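Following: one structure in C-alpha cells, then a few remarks.
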Amino acid sequence: MSTAYISHNDCTLHDMGPEHPESPQRLAAILNELQGSKLEQDLDFVRAEEVKREQLQRVHPELYLHQLDLIQPSHGKIFADPDTLMCQDTLRAARLAAGAAVQGVDMVLSGQVDNAFCAVRPPGHHAERSKTMGFCFYNNIAVAAMQALTFHSLERVAIIDFDVHQGNGTVDIFGGDERVLVCTSFQHPYYPHSHCFNQPENVVNTPLPAHTPAAQYRKQVEADWLHRLQDFKPQLVLVSAGFDGHKLDPMADFELEEADYRWLTEMIVDIARQTAADRIVSILEGGYNLKALGASAQAHIETLFEASR
C-alpha cells in the first residue's frame, strides 16, 4: 500500500495578491521540500479532479453556492469577506480543493491507498455552512466527511484540526452531529473569536494561550483528545493539517516545530490503527512561513508514509 499525494497546478491560480499570506507559493514550498527526498519517489502522486455540485450541496446550501458563482469576477479581484478575495480562477481552485478531499476519501476507503495528503488551496476549515471566512470558500474537510458518511455509509468519522486557528466552519457544520467527533486545538483568544465555549458534546475544543510551550501543547492535546477518540472509535480519521502553529509562522504565536507535527501525526496514526484500519485523509489548511510550511508538511507526510509500509 502507499500514501497518495493529491494536488493540481490550477490550485495555484487562485491569487489574492502579492501581499496576501495565503499565496500560491505555499504549494510550491511543500513540493520543493519533497524534491530530492525519498518521498518524491515513493508517494502516489494523483491529479485532483473537481468536486461535484451535489457533493458540495451536502455541506453548503445551494443559495450560498449560487451566490459565490454570481460574485466571482471575470477580471480583477473582489472581497468575498474582509479577509478573503476572489479572482476569476478562485472557484476553479476551490472546486479542485474540495474534489481532492473527496478523492482522498474514495481512494482510502476503497483500499487503493492506506492514507492520503491533499496539497490544495484555498483552505476550507473556516468556511461555515453559508459564509466565507478566513481565506476559505468551501469547507473541504466537511465535504470529505460527508462523502464518507453518505456515499460510503460510515457511521463514525473523526476530524482532527491542529491549525493554530479554530476550525469554526467545521464546528458550525457538524456541531451536534453524533456521527462526527471534532477535535480542534487553537490559540485563544484569537481569530475567529467564535465557537469556543458551550459547544455540543461532539466538539472537543483545546484553546491555548499565545506562546504555549510545545511540551505543554502536547500534554494538553493528549489529555483532551486521546480518550475521546479511543471511546468514539472512528472508522476514518480526517485531518485539517494547518502548520501555522510553527514558531516561525507570522500569523500566530504558538511555539511548535517540525518534531511536534511529527508527534501529532504519530498520535493520529496510532488512533487510526486502533479503530480505523489505518485510514487517514489529511487536507492542507494554514501555514504561511514557506520554509516552516515545507519542512512541517514533509514531517507530516513522511510519518503518514511510514505508517503505510
Quiz item: Filter region 230-246 for residues that are polar (S, T, N, Q) and not in a strand (DSSP E or B); which is nearest to the chain's Cα centre (by Cα)?
Solution: 235
Practice problem: Have a look at 188, 227, 165, 193 and point out the one that is under 20 Å from the mean Cα position of the chain (by Cα), farther than 17 Å from residue 263 by Cβ and surrounded by fewer than 14 Cβ atoms within 10 Å (Cβ to Cβ). | Solution: 193
Exercise. Considering only residues that are more than 16 Å from residue 142 (Cα to Cα) and under 18 Å from the mean Cα position of the chain (by Cα), look in region 48-80 and name the one that is surrounded by the most Cβ atoms within 10 Å (Cβ to Cβ).
Key: 48
Quiz item: When you look at residue 96, is it more than 25 Å from residue 235 (Cβ to Cβ), in contact with a helix residue (DSSP H, G or I) (Cβ under 9 Å, 6 or more places away or on another chain) and touching a residue at least 60 places away in the same chain (Cβ under 8 Å), yes or no?
Solution: yes
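A quick yes/no check of all residues on (1) more than 22 Å from residue 308 (Cβ to Cβ); (2) free of Cβ contacts under 8 Å to residues at least 24 places away in the same chain; (3) crowded, with 23+ Cβ neighbours inside 10 Å:
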{"site": "119", "(1), (2), (3)": "no, no, yes"}
{"site": "126", "(1), (2), (3)": "yes, no, yes"}
{"site": "130", "(1), (2), (3)": "yes, no, no"}
{"site": "143", "(1), (2), (3)": "yes, no, yes"}
{"site": "155", "(1), (2), (3)": "yes, no, no"}
{"site": "160", "(1), (2), (3)": "no, no, yes"}
Practice problem: Residue by residue through region 38-62, note down the ones that are in a helix (DSSP H, G or I) and of a type in the set (A, V, I, L, M). | Solution: 39, 56
Quiz item: So which residues in region 195-215 are part of a loop (DSSP other than H, G, I, E, B) and closer than 18 Å to residue 240 by Cα, if there are any at all?
Solution: 195, 196, 202
Exercise. Within region 111-126, identify whether any single residue is farther than 28 Å from residue 68 by Cα and not in a loop (DSSP other than H, G, I, E, B), and answer yes or no.
Key: yes
Quiz item: Only one of these conditions is not met by residue 99: (1) in a helix (DSSP H, G or I); (2) closer than 16 Å to residue 282 by Cβ; (3) touching a Ser or Thr at 6+ places or on another chain (Cβ under 6 Å). Which number is it?
Solution: (3)
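No value in this document is a laboratory result; all are computed from the given coordinates. Computed from a predicted structure; not experimentally measured. Glycine gets a Cβ as well: all are built from the backbone with ideal geometry, and neighbour counts include every protein chain shown.
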